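Everything on this sheet refers to the single structure shown next.
None of the figures in this text is laboratory data; all of them are computed from the coordinates on show. Source: prediction; values computed, not measured. Here the Cβ is made from the backbone with ideal geometry for all residues, glycine too, and neighbour counts use every protein chain on show.
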Amino acid sequence: MYNVVVIGAGIVGALTARELSKYNLNILLLDKEMEVSNGTTKANSAIVHAGYDPYVGSNKARLNVEGNRMFGKLCHDLDVPFKKVGSLVVAFSEEEMLKVKELYERGAANGVPDMDIIQKERLKEIEPNISNDAYGALWAKTAGITSPYELCIAACENAACNGAHIKLNTKVLKIDKLDDGFVVKTGKEDYKTQYIVNAAGLFADEINKMLGGEEFNITPRKGEYCLFDRGQGDLAKHILFQTPTKMGKGILVTPTVHGNLIMGPSSENIDDKYDLSTTDEGLAKVLAQGSRTINKFSRRDIITSFTGLRASVEGGDFIINSPTYGAVNAAGIDSPGLTAAPAIAKELVSMLNQMGLKLEEKDFNPKRHKPKSFRDMTDEEKAEAIEKNPLYGRIICRCETVSEGEIVDAIKGPAGARTVDGVKRRVRAGMGRCQGGFCMPRVVEILSRELNIPYMDVVKDNKDGYIFTGRLKDKLSKGGEADDK
Ligand SMILES: Cc1cc2nc3c(=O)[nH]c(=O)nc-3n(C[C@H](O)[C@H](O)[C@H](O)COP(=O)(O)OP(=O)(O)OC[C@H]3O[C@@H](n4cnc5c(N)ncnc54)[C@H](O)[C@@H]3O)c2cc1C
C-alpha cells in the first residue's frame, strides 16, 4: 500500500513527489506518457513571473509570489539554470502607461518587491533594441527565466533518489474509494494508496470526476511560439511583455536560459487536448505582434515553432481543493503555474497533512547534481572525460556539441530518457539549428542499443510517435511502393 499516489509527472506532480520524499512515506508518481515532463511543462514561455499580473486575493497571486521567492534556491539545489533577468511590461502609449501603473499597484498589493515604473530614456538604456515607439515600462526585477522541462526532470530524479517510485506509460483509468484509501486502476496494475494528488494538467478534470469531486471542465488554450537560434537571444536583455489589453496579454519576447530568443504565445481556445499543431495564421500573428516590441530579429534564424496548451478553467484561478476526503486537486494550473509550482507542492502536502497524512522527517538529500555538459568543459576537462569514458570523445550532435557519453548517461540516469525527445530535453541533442536533422538517426541507434529494443521501436516522444514505418529494402523487395505509408 502506498501512502500517496501522485497522478501526473509535470512540474506540479514532480515537485509534489519531491516535497513528499522529504518524509518517511511510500510514494508513487504516475504518468501516462513515456517520459516525465511530456505535458504542458515541456512547452511554455519558461518565465518565473514576478506576480503583478494575477488578481489580488487569488490563489494565483499568493502562489505566484511565494513560488517566485522559492525559485532561486530550488534551481540551485537541483542544478537547473535560472537567470533573474527581470521583466518589462512595455507601454506604447500614454493610455497604456495607465495600465502599467495599475499593474504596479496590483503587484504592490500582491507583495511583489523590487518594481519600478520607468520612462522611455531609462527603458532605452536598459533595453537598447526596444522599439522606438515604446513609451515606458513596468520593470519587475524579481522575474526570471528557467528551463521548465529540465527542472521537472531534475525534480523527478531527486524525488527518485530520495525514495519515490516513478511509473511511466501508466494511464489512470478509474479510481475506487475504499474505507481506508483508494485503488488507482490503470491499464496495467492497480495501486492501493491512502492519499491521492491530482496533478494531471489538462486532464485534471477527468481525474477529479473519477474522485467524485464537484465537476469543472478544462479547456485547452493554444499558445504558438517561434524559437530563434542562439545568438538572437542577445536582442533582448529582459523578458519583454506588451501591456495587456481587453484582447489579451499580447506577445512576449524573451531570451532563453540557453541563449535563444523566443516569441509568443498566441492565445486560442480549442477542443482537442492533444492538438499541438502550429498554424500559419498563429505564427504570423506572433511575428507581427512580436515585432512591435523588437523588430531587429532575423526570420531566417527561426529554428523551430511549437505549441503549448494552457489548462484553462472557468473563473481563471487555480483550483486547489479536495474533491473527496484523502485526495487533493491541483487543477486549472495555467500560467503562472510553472512559477507557482514549488508553492503549490508545499500547499498540497500541507493539505494532505491536515487530512491525516503523517509527515515524519527523514534523511533527505535536497541536492541533485547535473554533470557538466561536454560543450561547457575546458580542454583539460574534455581530455579527462574522454580518458575516463571514450564515448565522450564521439560527438553526436554537432550543433550543440553533445557527446555519446552524455546521451548514454542520460538514458541510464534515475528517471532516464526513453525517447528521442527525452534525450533532447536532458542533454540538448537535437536542440540546435538543424533540429536533429543530422543527429536523430544516431540518437535512435544509441537508444535502441542502451534500452535493448529494436531500432524500429524507438519513438520521438510518445508511444504513437514512430520515426520509422518500415525498411525501404523490405518494401522494395516485396514489390511494394517505397512511400506507401
Ligand atoms: C503557452 C503557455 C505558456 C506558459 N508560460 C508560462 C510561464 O512563462 N510561466 C509560468 O509560470 N507558467 C507558464 N505556463 C503555465 C505552465 O506551463 C503550467 O502551469 C505548468 O506546466 C503545468 O504543469 P502541470 O504539472 O500542472 O501539468 P502538465 O505539465 O501538463 O503535467 C500533467 C501530467 O499529467 C499526466 N496525466 C494526465 N492524465 C493522466 C492520467 N489519466 N494518468 C496518468 N497521467 C496523466 C500528463 O501526461 C502530464 O505529464 C504556460 C503555459 C502555456 C501553455
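The alpha carbon centroids of region 373-412 and region 231-300 are separated by 33 Å. Distances between placed amide hydrogens fall under 5 Å for A327 paired with I196, all partners being 5 or more residues away or on another chain. Using alpha carbons only, the radius of gyration of region 374-474 set against its Kirkwood radius gives Rg/Rh = 0.99. In percent, rounded to a whole number, the relative contact order of the chain is 19, using alpha-carbon pairs under 8 Å and six or more apart.
Once the chain from N365 to R449 is taken as fully extended at 0.36 nm per residue, the excess over their C-alpha distance is 27.0 nm.
Legend: calculated FRET efficiency, D272 to E384, from the Cβ-Cβ distance at R0 = 45 Å, rounded to 0.05, equals 0.35.
For region 67-121, please report how many Lys pairs fall under 17 Å Cα to Cα, leaving out neighbours fewer than 8 apart on the same chain. Taking region 67-121 as the scope, the lysine pair count is 4.
Given K273/K296; K174/K463; K296/K370; K32/K237, which pairs have Cα atoms separated by over 31 Å? As for pairs spanning more than 31 Å Cα to Cα, those are K273/K296; K296/K370; K32/K237. Straight-line reach from K362: taking Cα to Cα under 13 Å and skipping same-chain neighbours fewer than 8 places apart, the aspartates and glutamates in range are E19.
Here E95 and N462 are evaluated by their C-beta separation; at R0 = 45 Å the FRET efficiency comes out at 0.45. Lacking any other cysteine beta-carbon closer than 4.7 Å, the following Cys residues of the chain have no compatible partner: C75, C152, C156, C161, C226, C399, C434. Where only DSSP H runs of four or more residues are counted, the chain gives -9500 deg cm²/dmol as its mean residue ellipticity at 222 nm, each run worth -39500 (n - 2.57). Couplings 3J(HN,Hα) for region 405-422, derived from phi with the Karplus relation 6.51 cos²θ - 1.76 cosθ + 1.60 (θ = phi - 60°), are x, 5, 5, 4, 4, 5, 6, 7, x, x, 6, x, 5, 10, 9, 4, 5, x Hz, where x marks Gly and Pro. The stretch between D176 and F438, if pulled fully straight at 0.36 nm per residue, gains 89.5 nm over its current Cα-Cα span. In whole angstrom, note down how far apart the Cα centers of region 58-106 and region 151-198 are. With region 58-106 and region 151-198 each reduced to a Cα centre, they are spaced 32 Å.
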